[in-house]
Amino acid sequence: MTALAAERISIAFGGVRALDGVSFEAAAGIVFSIIGPNGAGKTTLFNVISGLCVPDDGRVWLGGEDVTALAPERLARRGLSRTFQNLQIFSHLTTLENVMVGRHRHESTGLLADLLHLPAVSWQNRITRDAALKALARVGLAAMAQRPAGSLAYGDLKRLEIARALATEPTVLLLDEPAAGCNPTETKNIETMIRSIVADDITVVLVEHDMRLVMNISDRIHVLANGHTLAEGDAAAIRANPAVIEAYLGAHSAALEPASAVR
Amino acid sequence: MLAEADRFRLLQHHRLFPLIPLAVIIVVLPLLFPSAYYYRVAALVFIFAIAALGLNLLMGFAGQVSLGHAGFMGVGAYAVAIGPSRLGIAPLLAFALGAACSAVLAFVVGRPILRLKGHYLAVATLGFGVLLTIVFTNEAKWTGGPDGMPVQQIIIINWTVHRIGTWYWILAASFLLSAVIALNLIDSPTGRALRAIHDSERAARVLGIEVAQKKLAVFVISAVYASVAGSFFALINGYVTPDASSFLRSIELVAMVVLGGMGSIVGSVVGSAVLVILPQALTVFHEYEHAILGLTLMAVMIFLRRGIVPSLSAALGGTYK
């Protein structure tokens with residue numbers, strides 16, 4: 001079954017074609033990676049899929065439903081969540097509260113109940129807090145729960161964003177460069193985390209520059225260059241693809257080698 | 001059995017904890033008042049604290065600025081003036097109608113202008129406030145024009161409220177109730193959503209929060225707070241002029257919120273206390289009154305840059321909000 005599909009997505013910003021007829025299909029429960037050199041259109045593609053950008057042309061399908069140009073908040077309610085390359089943390093909130101906000105779509109109290117603090121609100125707060133604590137524990141941040149999110153280290157913030165996105169209970173999770181700026185140990189942790197997410201039947205769509213991580217973890221890889229699709233296949237096929245090697249000439253070509261060879 | 005210290009910690013984490021010291025002060029204060037004048041000043045502090053609380057929900061928590069909130073104070077003020085005298089509506093009903101009018105007005109105006117951000121939103125709300133002042137000034141047939149109009153005293157079951165001492169208790173209770181509602185909101189799903197919007201609208205939307213709807217809700221709530229304050233203001237003065245909704249008043253409300261501390265419920269009452277009491281205290285300096293007031297505000301913002309309550313609380317190592 002296809003969890004997420006893009007169909008001939010095109011979008012231009014001021015005459016520059018950021019994406020030109022990009023199509024892919026991500027099967028349910030896999031890690032689907034989107035790679036490409038800087039400016040290839042990876043983040044733009046994420047913005048289109050998550051509803052932050054409206055494409056000029058093309059369609060987005062989520063679980064077999066046409067969700068093109070649906071607002072991000074509506075998409076979230078249909079089970080799509082994402083993280084951001086440049087972190088979007090609620091820095092005035094505590095770590096726990098950040099994740100509690102991720103539970104919003106599962107909360108059911110009305111505005112009037114909230115203003116009067118009816119018993120339902122205490123009950124809802126408790127349920128939300130428990131679920132958020134679980135999500136925090138899952139990414140190993142339970143000890144940081146009461147800290148102001150703004151005071152966390154960069155690597156922790158990356159994991160906090162993942163916990164917050166997981167708290168929405170998505171079927172499809174878009175991870176925008178989760179390992180950017182992380183050291184090898186942190187990257188390894190993120191790899192383990194992604195594996196555990198997929199084990200829960202969540203489809204992970206990954207944009208990432210760390211080729212070792214991508215090659216290790218991806219079931220399928222889609223390569224973008226200048227807004228076009230360059231290639232798609234599993235890790236072995238992508239490594240062997242001449243067009244991909246061409247696009248990654250220089251220092252990066254080494255990164256395409258099998259992980260064992262790099263070590 | 002919980003140890004004494006544990007029990008205190010639990011109490012400290014209760015959402016209404018910040019109100020305990022305020023309630024104590026409210027009860028003790030009248031014992032120190034030598035004259036009716038002090039009751040009047042305290043009553044004004046409570047009134048502006050209610051308006052500042054509402055604006056704080058909008059600015060300090062949801063991160064949306066309004067430079068026209070005195071406009072809603074004007075709606076509340078003229079509702080209790082026009083309702084009983086021109087339309088024969090009971091004062092209490094006029095009070096409620098004023099709040100309802102403010103809510104509807106905020107809903108209608110808020111939908112288009114809350115799409116704007118930062119400075120653009122500031123200028124749009126400023127325009128709204130100015131517009132209301134012009135209406136109150138020009139519709140002389142209804143409002144008495146620039147000279148204003150008298151306000152009938154409020155009657156609760158054959159009992160006329162006219163003593164300032166009585167007003168003190170009514171306003172103190174109303175202020176505490178407003179603060180309870182504000183603290184309720186903050187510690188709720190809606191409150192968390194609003195605070196999230198303040199930090200990142202994009203992230204909030206991606207997590208399923210209907211940003212436009214939440215902003216509108218808090219705008220309407222804050223308008224009702226301002227309207228209630230405006231009605232009280234007109235009632236204790238017994239008179240209302242277009243000044244109630246003036247641009248300067250809107251700025252004063254913003255200053256109260258920022259001075260006391262954005263996002264601090266206690267800060268709102270501290271901010272309004274400073275801006276109500278200071279001008280009265282500074283009258284001894286005659287022509288230098290305004291200069292000293294301005295200098296004081298600058299000094300407070302320079303040395304307590306997060307506002308009086310959050311800065312002092314942080315300096316003392318506490319987490320009092």
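The values are calculated or read from the model by the stated rules, or taken from the named source; none is laboratory data. Because the structure is predicted, anything quoted here is derived from the model rather than measured. In this analysis, Cβ positions are derived from the backbone assuming ideal geometry, glycine residues included, and neighbour counts consider all displayed protein chains.
Listed here are the residues, each with its yes/no results for (1) over 30 Å from B:F128 (Cβ atoms); (2) touching a Pro at 6+ places or on another chain (Cβ under 6 Å); (3) touching a residue at least 12 places away in the same chain (Cβ under 8 Å).
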residue	(1), (2), (3)
B:A23	yes, no, yes
B:H69	no, no, yes
B:A79	no, no, yes
B:P84	no, yes, yes
Subset of the stretch A:54-73 (residues that are within 11 Å of chain B (Cβ to nearest Cβ) and buried (at least 19 other Cβ atoms within 10 Å of the Cβ)): A:P72, A:E73
Test: residue in the stretch B:134-148 that is surrounded by 20 or more Cβ atoms within 10 Å (Cβ to Cβ) and assigned to a helix (DSSP H, G or I): yes
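Return yes or no: is A:V101 among the aliphatic types (A, V, I, L, M), out of contact with any Cys (no Cβ under 6 Å at 6 or more places or on another chain) and assigned to a helix (DSSP H, G or I)?
yes
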Of all residues in the stretch A:153-196 being among the basic types (K, R) and in contact (Cβ under 8 Å) with a residue 40 or more places away in the chain, the one that is farthest from A:H209 (Cα to Cα): A:R164
Those helices (runs of 4 or more DSSP H) lying entirely in the stretch B:221-315 with at least 2 residues among the hydroxyl-bearing types (S, T, Y) and over 23 Å from B:A99 (Cβ atoms): B:308-315
Selection count, the stretch A:102-112, where residues are surrounded by 15 or more Cβ atoms within 10 Å (Cβ to Cβ) and over 17 Å from B:L57 (Cα atoms): 7
Members of the stretch A:116-137 that are surrounded by fewer than 20 Cβ atoms within 10 Å (Cβ to Cβ), in a helix (DSSP H, G or I) and either in contact with a Leu (Cβ under 9 Å, 6 or more places away or on another chain) or in contact (Cβ under 8 Å) with a residue 60 or more places away in the chain (or both): A:R129, A:L133
Every residue from the stretch A:3-36 that is in contact with a strand residue (DSSP E or B) (Cβ under 6 Å, 6 or more places away or on another chain), farther than 18 Å from A:T203 by Cα and of a type outside the set (D, E, K, R): A:I9, A:S10, A:I11, A:A18, A:L19, A:G21, A:V22, A:G36
Residue tally, condition among the aliphatic types (A, V, I, L, M), more than 14 Å from every other protein chain (Cβ to nearest Cβ) and not in a helix (DSSP H, G or I), over the stretch B:1-32: 3
Among the candidates B:N138, B:N184, residue that is facing another protein chain (nearest Cβ under 8 Å), at negative phi and of a type outside the set (A, V, I, L, M, F, W, C): B:N184
Number of the exception - A:L115 against (1) within 7 Å of another protein chain (Cβ to nearest Cβ); (2) at pLDDT below 95: (2)
Any pair with Cβ under 9 angstrom, 6 or more apart, that starts in the stretch B:175-197 at a residue that is outside any helix (DSSP H, G or I) and ends at one that is crowded, with 24+ Cβ neighbours inside 10 Å: B:D187/A:D114; B:S188/A:D114
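Quick grid of which residues meet (1) on the phi > 0 side of the Ramachandran plot; (2) facing chain B (nearest Cβ under 7 Å); (3) of a type in the set (G, A, S):
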residue	(1), (2), (3)
A:S81	no, yes, yes
A:Q85	no, no, no
A:L93	no, yes, no
A:N98	no, no, no
A:R105	no, yes, no
A:S108	no, no, yes
Candidates B:L58, B:L131, B:L93, filtered to the one that is modelled with pLDDT of 95 or more and either surrounded by fewer than 24 Cβ atoms within 10 Å (Cβ to Cβ) or part of a loop (DSSP other than H, G, I, E, B) (or both): B:L131
So B:A217, is it touching a residue at least 24 places away in the same chain (Cβ under 8 Å) and within 14 Å of chain A (Cβ to nearest Cβ): yes
Any hit, the stretch A:146-162, residues being away from chain B (no Cβ under 14 Å), over 20 Å from the mean Cα position of the chain (by Cα) and in a helix (DSSP H, G or I): no
